[in-house]
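The values are calculated or read from the model by the stated rules, or taken from the named source; none is laboratory data. Model, not experiment: these values are computed from the prediction. Positions of Cβ are generated from backbone atoms using ideal geometry, with glycine treated the same way; all protein chains shown enter the neighbour counts. Accessible surface areas use protein heavy atoms only, side chains included; no ligands, DNA or RNA. Shrake-Rupley method; radii C 1.70, N 1.55, O 1.52, S 1.80 Å.
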Amino acid sequence: MPLYRDEAIVLRTHKLGEADRIITLLTRQHGRVRAVAKGVRRTTSRWGSRLEPFTHVDLQLAEGRSLDIITQAETITPFHGRLGLDYDRYTSGTVMLETAERLVVEDKEPAVQQFLLLVGGLRAMAAGEQRAGAILDSYLLRSLSVAGYAPSFDHCVRCGEIGPHRYFSPSSGGVLCAHCRVPGSATPAPETLALLGALLAGDWPAVAASEPRHVKEASGLVSAYLAWHLERGLRSMEHVER
Ligand SMILES: [Zn+2]
(Lines give C-alpha, C1' and ligand atoms only; values in the text may rest on other atoms or scores of the structure.)
Protein backbone atom coordinates (compact mmCIF):
# COMPACT_ATOMS: atom_id res chain seq x y z
CA MET A 1 0.00 0.00 0.00
CA PRO A 2 1.39 3.46 -0.88
CA LEU A 3 2.39 5.54 2.16
CA TYR A 4 2.06 9.30 2.62
CA ARG A 5 2.83 11.81 5.36
CA ASP A 6 0.76 14.77 6.44
CA GLU A 7 -0.06 16.84 9.49
CA ALA A 8 -3.62 17.01 10.78
CA ILE A 9 -6.02 18.04 13.50
CA VAL A 10 -8.03 15.12 14.91
CA LEU A 11 -11.69 16.17 14.50
CA ARG A 12 -13.59 13.14 15.76
CA THR A 13 -13.19 9.46 16.50
CA HIS A 14 -15.57 6.55 16.60
CA LYS A 15 -15.33 2.89 17.47
CA LEU A 16 -14.61 0.23 14.89
CA GLY A 17 -14.79 -3.45 15.84
CA GLU A 18 -13.24 -4.59 19.12
CA ALA A 19 -10.17 -2.43 19.46
CA ASP A 20 -9.94 0.00 16.55
CA ARG A 21 -11.23 3.47 15.84
CA ILE A 22 -12.01 5.47 12.74
CA ILE A 23 -10.28 8.83 13.12
CA THR A 24 -11.68 11.79 11.18
CA LEU A 25 -8.86 14.21 10.38
CA LEU A 26 -8.48 17.62 8.78
CA THR A 27 -5.08 17.37 7.14
CA ARG A 28 -2.97 20.15 5.67
CA GLN A 29 -2.43 18.59 2.22
CA HIS A 30 -5.24 16.07 1.76
CA GLY A 31 -8.25 17.86 3.24
CA ARG A 32 -10.60 15.71 5.28
CA VAL A 33 -9.42 12.13 5.71
CA ARG A 34 -11.03 9.20 7.53
CA ALA A 35 -8.47 6.66 8.63
CA VAL A 36 -8.32 3.58 10.81
CA ALA A 37 -6.15 3.47 13.94
CA LYS A 38 -5.64 -0.19 14.80
CA GLY A 39 -5.56 -1.27 18.43
CA VAL A 40 -6.12 2.28 19.65
CA ARG A 41 -8.72 1.20 22.25
CA ARG A 42 -6.49 -1.37 23.94
CA THR A 43 -5.18 -0.24 27.31
CA THR A 44 -1.69 -1.08 26.12
CA SER A 45 -2.17 0.92 22.90
CA ARG A 46 1.02 2.38 21.48
CA TRP A 47 -0.95 5.42 20.30
CA GLY A 48 -1.54 6.90 23.78
CA SER A 49 -3.55 10.13 23.51
CA ARG A 50 -2.03 11.09 20.18
CA LEU A 51 -5.23 10.37 18.25
CA GLU A 52 -7.68 12.15 20.59
CA PRO A 53 -9.83 15.00 19.25
CA PHE A 54 -8.04 18.41 19.22
CA THR A 55 -4.56 16.90 18.81
CA HIS A 56 -2.36 18.48 16.14
CA VAL A 57 -0.48 15.47 14.93
CA ASP A 58 2.14 14.49 12.36
CA LEU A 59 1.04 11.30 10.60
CA GLN A 60 2.11 8.59 8.26
CA LEU A 61 -0.78 6.86 6.50
CA ALA A 62 -1.14 3.91 4.18
CA GLU A 63 -3.69 4.30 1.42
CA GLY A 64 -6.44 1.74 1.73
CA ARG A 65 -9.23 0.76 -0.63
CA SER A 66 -11.92 2.60 1.33
CA LEU A 67 -10.28 3.95 4.50
CA ASP A 68 -6.60 4.81 4.93
CA ILE A 69 -4.67 3.29 7.82
CA ILE A 70 -2.61 5.30 10.30
CA THR A 71 0.84 3.74 10.57
CA GLN A 72 2.67 6.43 12.61
CA ALA A 73 1.59 9.42 14.71
CA GLU A 74 3.66 12.04 16.53
CA THR A 75 2.05 14.82 18.57
CA ILE A 76 2.83 18.36 17.40
CA THR A 77 0.53 20.18 19.88
CA PRO A 78 -1.82 18.43 22.36
CA PHE A 79 -4.54 21.13 22.34
CA HIS A 80 -6.96 18.87 24.23
CA GLY A 81 -4.80 19.03 27.34
CA ARG A 82 -5.07 22.80 27.60
CA LEU A 83 -8.67 23.10 26.44
CA GLY A 84 -9.83 20.35 28.79
CA LEU A 85 -9.12 22.58 31.78
CA ASP A 86 -11.69 25.22 30.81
CA TYR A 87 -15.32 24.34 30.04
CA ASP A 88 -16.00 27.38 27.79
CA ARG A 89 -12.85 26.86 25.78
CA TYR A 90 -13.43 23.14 25.48
CA THR A 91 -17.05 23.43 24.30
CA SER A 92 -16.19 26.29 21.92
CA GLY A 93 -13.31 24.25 20.55
CA THR A 94 -15.67 21.32 20.01
CA VAL A 95 -17.91 23.57 17.88
CA MET A 96 -14.84 24.51 15.83
CA LEU A 97 -13.99 20.85 15.17
CA GLU A 98 -17.56 20.03 14.17
CA THR A 99 -17.78 23.11 11.93
CA ALA A 100 -14.52 22.23 10.17
CA GLU A 101 -15.76 18.73 9.48
CA ARG A 102 -19.05 20.03 8.08
CA LEU A 103 -17.64 22.87 5.97
CA VAL A 104 -14.99 20.69 4.31
CA VAL A 105 -17.47 18.66 2.31
CA GLU A 106 -15.26 16.35 0.23
CA ASP A 107 -12.78 13.78 1.54
CA LYS A 108 -9.24 14.09 0.12
CA GLU A 109 -9.92 17.50 -1.46
CA PRO A 110 -7.16 19.87 -0.28
CA ALA A 111 -8.51 22.53 2.14
CA VAL A 112 -5.33 24.29 3.25
CA GLN A 113 -7.04 27.51 4.30
CA GLN A 114 -9.54 25.63 6.47
CA PHE A 115 -6.69 23.68 8.05
CA LEU A 116 -4.69 26.84 8.82
CA LEU A 117 -7.78 28.60 10.21
CA LEU A 118 -8.51 25.69 12.51
CA VAL A 119 -4.93 25.42 13.79
CA GLY A 120 -4.84 29.19 14.37
CA GLY A 121 -8.23 29.12 16.11
CA LEU A 122 -7.28 26.26 18.42
CA ARG A 123 -3.98 27.95 19.23
CA ALA A 124 -5.81 31.16 20.18
CA MET A 125 -8.37 29.16 22.18
CA ALA A 126 -5.60 27.38 24.10
CA ALA A 127 -3.60 30.59 24.65
CA GLY A 128 -6.54 32.19 26.47
CA GLU A 129 -5.77 35.81 25.60
CA GLN A 130 -9.17 36.49 24.02
CA ARG A 131 -12.62 35.47 25.21
CA ALA A 132 -13.60 31.97 24.09
CA GLY A 133 -16.81 33.28 22.49
CA ALA A 134 -14.95 35.91 20.47
CA ILE A 135 -12.44 33.37 19.14
CA LEU A 136 -15.29 31.04 18.23
CA ASP A 137 -17.35 33.72 16.45
CA SER A 138 -14.30 34.97 14.56
CA TYR A 139 -13.42 31.41 13.54
CA LEU A 140 -16.99 30.65 12.41
CA LEU A 141 -17.24 33.79 10.25
CA ARG A 142 -13.87 33.14 8.65
CA SER A 143 -14.40 29.45 8.00
CA LEU A 144 -17.79 30.23 6.44
CA SER A 145 -16.04 32.82 4.25
CA VAL A 146 -13.40 30.31 3.14
CA ALA A 147 -16.22 27.85 2.35
CA GLY A 148 -17.72 30.44 -0.02
CA TYR A 149 -20.27 32.02 2.33
CA ALA A 150 -18.54 35.31 3.14
CA PRO A 151 -21.03 37.59 4.90
CA SER A 152 -21.17 41.33 4.28
CA PHE A 153 -21.51 43.65 7.27
CA ASP A 154 -21.11 46.95 5.44
CA HIS A 155 -22.24 46.82 1.76
CA CYS A 156 -25.84 45.86 1.01
CA VAL A 157 -25.63 42.27 -0.24
CA ARG A 158 -28.30 42.89 -2.88
CA CYS A 159 -27.48 46.26 -4.46
CA GLY A 160 -23.97 46.90 -3.16
CA GLU A 161 -24.77 50.29 -1.62
CA ILE A 162 -22.17 51.25 0.97
CA GLY A 163 -23.49 51.16 4.55
CA PRO A 164 -23.86 51.25 7.41
CA HIS A 165 -27.22 49.53 6.94
CA ARG A 166 -29.81 48.58 9.56
CA TYR A 167 -31.06 45.22 8.34
CA PHE A 168 -29.38 41.83 8.63
CA SER A 169 -30.62 38.67 6.96
CA PRO A 170 -28.72 35.36 7.37
CA SER A 171 -30.47 33.88 4.33
CA SER A 172 -29.48 36.88 2.16
CA GLY A 173 -25.84 36.71 3.27
CA GLY A 174 -25.49 39.85 5.37
CA VAL A 175 -26.76 43.41 5.69
CA LEU A 176 -29.44 44.93 3.50
CA CYS A 177 -30.31 48.56 2.80
CA ALA A 178 -33.82 49.92 3.47
CA HIS A 179 -34.82 49.31 -0.17
CA CYS A 180 -33.58 45.72 -0.35
CA ARG A 181 -34.59 44.48 3.09
CA VAL A 182 -36.54 41.23 3.24
CA PRO A 183 -39.28 40.17 5.69
CA GLY A 184 -37.81 38.72 8.85
CA SER A 185 -34.59 40.74 8.69
CA ALA A 186 -33.00 41.42 12.08
CA THR A 187 -32.25 45.02 13.04
CA PRO A 188 -29.13 44.74 15.19
CA ALA A 189 -27.48 47.71 16.85
CA PRO A 190 -24.93 49.50 14.63
CA GLU A 191 -22.26 48.58 17.20
CA THR A 192 -23.16 44.90 16.75
CA LEU A 193 -22.62 45.09 12.98
CA ALA A 194 -19.31 46.86 13.57
CA LEU A 195 -18.32 44.08 16.00
CA LEU A 196 -19.22 41.40 13.43
CA GLY A 197 -16.98 43.16 10.91
CA ALA A 198 -14.19 43.27 13.48
CA LEU A 199 -14.62 39.54 14.25
CA LEU A 200 -14.42 38.71 10.54
CA ALA A 201 -11.32 40.90 10.10
CA GLY A 202 -9.66 39.72 13.33
CA ASP A 203 -9.54 43.29 14.70
CA TRP A 204 -9.02 42.17 18.32
CA PRO A 205 -8.75 45.62 19.97
CA ALA A 206 -12.17 46.54 18.51
CA VAL A 207 -13.58 43.15 19.60
CA ALA A 208 -12.25 43.55 23.14
CA ALA A 209 -13.77 47.05 23.43
CA SER A 210 -17.32 45.85 22.68
CA GLU A 211 -20.10 45.97 25.26
CA PRO A 212 -21.60 42.69 26.52
CA ARG A 213 -25.04 43.35 24.93
CA HIS A 214 -23.45 43.79 21.50
CA VAL A 215 -21.28 40.70 22.04
CA LYS A 216 -24.40 38.67 22.85
CA GLU A 217 -26.32 40.02 19.87
CA ALA A 218 -23.39 39.35 17.53
CA SER A 219 -23.05 35.75 18.77
CA GLY A 220 -26.74 35.17 18.11
CA LEU A 221 -26.40 36.44 14.54
CA VAL A 222 -23.27 34.33 13.92
CA SER A 223 -25.18 31.25 15.13
CA ALA A 224 -28.12 32.09 12.87
CA TYR A 225 -25.80 32.64 9.91
CA LEU A 226 -23.99 29.36 10.51
CA ALA A 227 -27.26 27.45 10.96
CA TRP A 228 -28.55 28.81 7.66
CA HIS A 229 -25.51 27.49 5.79
CA LEU A 230 -25.40 24.05 7.38
CA GLU A 231 -28.16 21.61 6.53
CA ARG A 232 -28.40 20.30 10.07
CA GLY A 233 -27.63 22.26 13.21
CA LEU A 234 -24.44 21.57 15.17
CA ARG A 235 -24.90 19.19 18.08
CA SER A 236 -21.96 20.75 19.88
CA MET A 237 -23.49 24.26 19.75
CA GLU A 238 -26.08 23.28 22.39
CA HIS A 239 -23.35 23.16 25.01
CA VAL A 240 -21.96 26.62 24.34
CA GLU A 241 -23.17 29.52 26.47
CA ARG A 242 -24.27 32.18 23.94
ZN1 LIG B 1 -29.66 47.40 -1.21
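Give the residue that is nearest to the ligand (Cβ to nearest atom), with candidates limited to residues of the range 163-175 that are part of a loop (DSSP other than H, G, I, E, B) and closer than 14 Å to PRO190 by Cα.
Applying the first criterion (part of a loop (DSSP other than H, G, I, E, B)) to the range 163-175 yields 163-166, 170-173.
Restricting the remaining residues to those that are closer than 14 Å to PRO190 by Cα gives 163-166.
Details: GLY163: 9, PRO164: 12, HIS165: 7, ARG166: 11 Å.
In this case the residue turns out to be HIS165.
Looking only at the range 47-72, count every residue that is more than 11 Å from ILE9 (Cα to Cα), among the hydrophobic types (A, V, I, L, M, F, W, C) and surrounded by 21 or more Cβ atoms within 10 Å (Cβ to Cβ) and tell me the total. Before the answer, list the steps.
Of the range 47-72, the ones more than 11 Å from ILE9 (Cα to Cα) are 47-49, 60-72.
Okay, now just the ones that are also among the hydrophobic types (A, V, I, L, M, F, W, C), so 47, 61-62, 67, 69-70.
If we keep only those that are surrounded by 21 or more Cβ atoms within 10 Å (Cβ to Cβ) as well, we get 61, 70.
Total meeting the criteria: 2.
So how many residues does the range 205-231 have that are hydroxyl-bearing (Ser, Thr, Tyr) and within 20 Å of VAL105 (Cα to Cα)? Quick ask: steps written out before the conclusion?
Just the residues of the range 205-231 that are hydroxyl-bearing (Ser, Thr, Tyr), to begin with: 210, 219, 223, 225.
Add one more test, that the residue is within 20 Å of VAL105 (Cα to Cα), and what stays is 223, 225.
Qualifying residue count for the region: 2.
Tally up the residues in the range 156-182 that are open to solvent by 80 Å² or more (accessible area, probe 1.4 Å) and farther than 18 Å from GLU217 by Cα, please.
Going through the range 156-182 one residue at a time, the tally reaches 5.
So which residues in the range 1-13 are open to solvent by 70 Å² or more (accessible area, probe 1.4 Å) and either among the β-branched types (Val, Ile, Thr) or modelled with pLDDT of 95 or more (or both), if there are any at all?
Filtering the range 1-13 down to residues open to solvent by 70 Å² or more (accessible area, probe 1.4 Å) leaves 1-3, 5, 12.
Across the range 1-13, the qualifying residues are LEU3, ARG5, ARG12.
What are the residues in the range 183-214 that are of a type outside the set (Ser, Thr, Tyr) and open to solvent by less than 30 Å² (accessible area, probe 1.4 Å), if any? Step through it out loud before you land on a result.
Step one: of the range 183-214, the residues of a type outside the set (Ser, Thr, Tyr) are 183-184, 186, 188-191, 193-209, 211-214.
Those that are of a type outside the set (Ser, Thr, Tyr) and open to solvent by less than 30 Å² (accessible area, probe 1.4 Å): PRO188, ALA189, LEU193, LEU195, LEU196, GLY197, ALA198, LEU199, GLY202, VAL207, HIS214.
Based on what the data block shows, is GLY148 assigned to a helix (DSSP H, G or I), under 19 Å from the mean Cα position of the chain (by Cα), free of Cβ contacts under 8 Å to residues at least 40 places away in the same chain and surrounded by fewer than 20 Cβ atoms within 10 Å (Cβ to Cβ)?
Taking the combined requirement at face value, the residue does not satisfy it.
Check ALA227 against each of (1) open to solvent by less than 70 Å² (accessible area, probe 1.4 Å); (2) more than 22 Å from GLU161 (Cβ to Cβ); (3) modelled with pLDDT of 95 or more and name the one condition it does not meet.
It is condition (3) that ALA227 fails.
What is the residue count in the range 179-217 for residues that are acidic (Asp, Glu), out of contact with any strand residue (DSSP E or B) (no Cβ under 9 Å at 6 or more places or on another chain) and in a helix (DSSP H, G or I)? Break it down into steps so the answer makes sense when it comes.
Within the range 179-217, the first condition is being acidic (Asp, Glu), and the residues that meet it are 191, 203, 211, 217.
If we keep only those that are out of contact with any strand residue (DSSP E or B) (no Cβ under 9 Å at 6 or more places or on another chain) too, we end up with 191, 203, 211.
Among the residues that remain, those that are also in a helix (DSSP H, G or I) are: 191.
The number of residues fulfilling the criteria is 1.
Determine the pairs where a residue that is touching a residue at least 40 places away in the same chain (Cβ under 8 Å), located within the range 217-234, has a partner that is open to solvent by less than 60 Å² (accessible area, probe 1.4 Å) and polar (S, T, N, Q) with Cβ atoms under 6 Å apart, the partner being 6 or more residues away or on another chain.
The qualifying pairs are ALA218/THR192.
Give the residues of the range 20-46 that are out of contact with any Ser or Thr (no Cβ under 8 Å at 6 or more places or on another chain) and surrounded by fewer than 15 Cβ atoms within 10 Å (Cβ to Cβ), sorted by residue number.
Once the filter is applied, which keeps residues that are out of contact with any Ser or Thr (no Cβ under 8 Å at 6 or more places or on another chain) and surrounded by fewer than 15 Cβ atoms within 10 Å (Cβ to Cβ), the range 20-46 yields ARG42, THR43, THR44, ARG46.
Condition first: within 22 Å of ASP6 (Cβ to Cβ), open to solvent by 50 Å² or more (accessible area, probe 1.4 Å) and in a loop (DSSP other than H, G, I, E, B). Now tell me which residues in the range 73-124 satisfy that.
Selection gives VAL105, GLU106, LYS108, GLU109, PRO110.
Report, by residue number, each residue of the range 105-162 that is within 16 Å of the ligand (Cβ to nearest atom) and of a type outside the set (A, V, I, L, M, F, W, C).
The first filter runs over the range 105-162 and keeps only residues within 16 Å of the ligand (Cβ to nearest atom), leaving 151-162.
The answer is PRO151, SER152, ASP154, HIS155, ARG158, GLY160, GLU161.
Evaluate the range 133-145: report whether one residue or more is part of a helix (DSSP H, G or I), among the β-branched types (Val, Ile, Thr) and closer than 20 Å to VAL240 by Cβ.
Within the range 133-145, the subset part of a helix (DSSP H, G or I) is 133-145.
Add one more test, that the residue is among the β-branched types (Val, Ile, Thr), and what stays is 135.
Restricting the remaining residues to those that are closer than 20 Å to VAL240 by Cβ gives 135.
Scanning the range 133-145, I find at least one residue that is part of a helix (DSSP H, G or I), among the β-branched types (Val, Ile, Thr) and closer than 20 Å to VAL240 by Cβ, so the answer is yes.
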